[in-house]
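**Student:** Below are the C-alpha cells for one structure; questions will follow.
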Amino acid sequence: MMMNPTFKGIDHIQIAAPQGSEEKARSFYGKLLGMQEIEKPENLKSRGGCWFQCGAQEVHIGIQSNFLPAKKAHPGFMVSNLSELRRQLEDAACLINEEPPIAGRARFFTHDPFGNRIEFLEYN
C-alpha cells in the first residue's frame, strides 16, 4: 500500500535578486534584519546569491538574470518585537506599508532593496 506524503514544514524560501546584488542582500537581510548568513553548498556557490538562517528555516537569495521583483507574492516573516523592527526599518529609510489587519496578528509590509514585497508579523 502506498503511503501519502506528510508535510512537516518549510525548509526554505527563495527570493530572487538581480546579478551582482549579494552585498545589498547581506546588508538588508544580514545587517538590517539580523539574519545569520549561512554557507552555501560548494556545488551551488558558482550560481551567486547568499543564504540566511531564519528561525528553523532558511532564506535563499537567488540570482536571476532576467530579474523582476515580486510585487504580490511574498514571504511572511514571524518576528518578536515587531515595533522595534519597524523602527529599525524606518530609520534605514525603508517605506512601511499597511494592509488590512488579520485577527491575532500585528503586521506590516516593506520591500527589500530589489523591490520584492516582504511581510513581517507578530502574533498577539
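The values are calculated or read from the model by the stated rules, or taken from the named source; none is laboratory data. As the structure is a prediction and not an experimental result, all values here were calculated from the model. Counting neighbours? That spans all protein chains shown, and the Cβs are built from the backbone with ideal geometry, glycine included.
**Student:** Restricting to the range 80-94, give me the number of residues that are closer than 12 Å to ILE118 by Cβ and in a loop (DSSP other than H, G, I, E, B).
**Tutor:** Result for the range 80-94: 1.
**Student:** Still on this structure, please answer the following. It is to be established whether one or more residues within the range 5-18 are assigned to a helix (DSSP H, G or I) and either more than 23 Å from GLY76 (Cα to Cα) or out of contact with any strand residue (DSSP E or B) (no Cβ under 6 Å at 6 or more places or on another chain) (or both).
**Tutor:** no
**Student:** Let me ask something else about it. If I ask for residues that are touching a residue at least 40 places away in the same chain (Cβ under 8 Å) and among the charged types (D, E, K, R), which ones from the range 23-35 would you list?
**Tutor:** Passing the criteria: only LYS24.
**Student:** Could you say whether any residue in the range 68-79 is assigned to a strand (DSSP E or B), aromatic (Phe, Trp, Tyr) and touching a Phe, Trp or Tyr at 6+ places or on another chain (Cβ under 6 Å)?
**Tutor:** Yes, that holds for at least one residue.
**Student:** How many residues does the range 52-71 hold that are in contact with a strand residue (DSSP E or B) (Cβ under 7 Å, 6 or more places away or on another chain) and more than 17 Å from ILE10 (Cβ to Cβ)?
**Tutor:** 4
**Student:** Looking at the range 1-22 only, could you name the residues that are exposed (fewer than 14 other Cβ atoms within 10 Å of the Cβ) and either in contact (Cβ under 8 Å) with a residue 12 or more places away in the chain or among the small types (Gly, Ala, Ser) (or both)?
**Tutor:** GLY9, ILE10, ASP11, HIS12, GLN19, GLY20
**Student:** Of everything in the range 23-66 that's over 15 Å from PRO113 (Cβ atoms) and in contact with a Phe, Trp or Tyr (Cβ under 7 Å, 6 or more places away or on another chain), which residue is surrounded by the most Cβ atoms within 10 Å (Cβ to Cβ)?
**Tutor:** Restricting to residues being over 15 Å from PRO113 (Cβ atoms) and in contact with a Phe, Trp or Tyr (Cβ under 7 Å, 6 or more places away or on another chain), the top hit is CYS54.
**Student:** Next up: Got a sec? Which of LEU82, LEU68 is of a type in the set (A, V, I, L, M) and more than 20 Å from MET35 (Cα to Cα)?
**Tutor:** Just one listed residue meets the conditions, LEU68.
**Student:** Report every pair of residues separated by at least 6 positions or lying on different chains whose Cβ atoms are under 7 Å apart, first residue within the range 51-65 and modelled with pLDDT of 95 or more, second of a type in the set (Ser, Thr, Tyr).
**Tutor:** PHE52/TYR29; VAL59/TYR29; ILE61/TYR29
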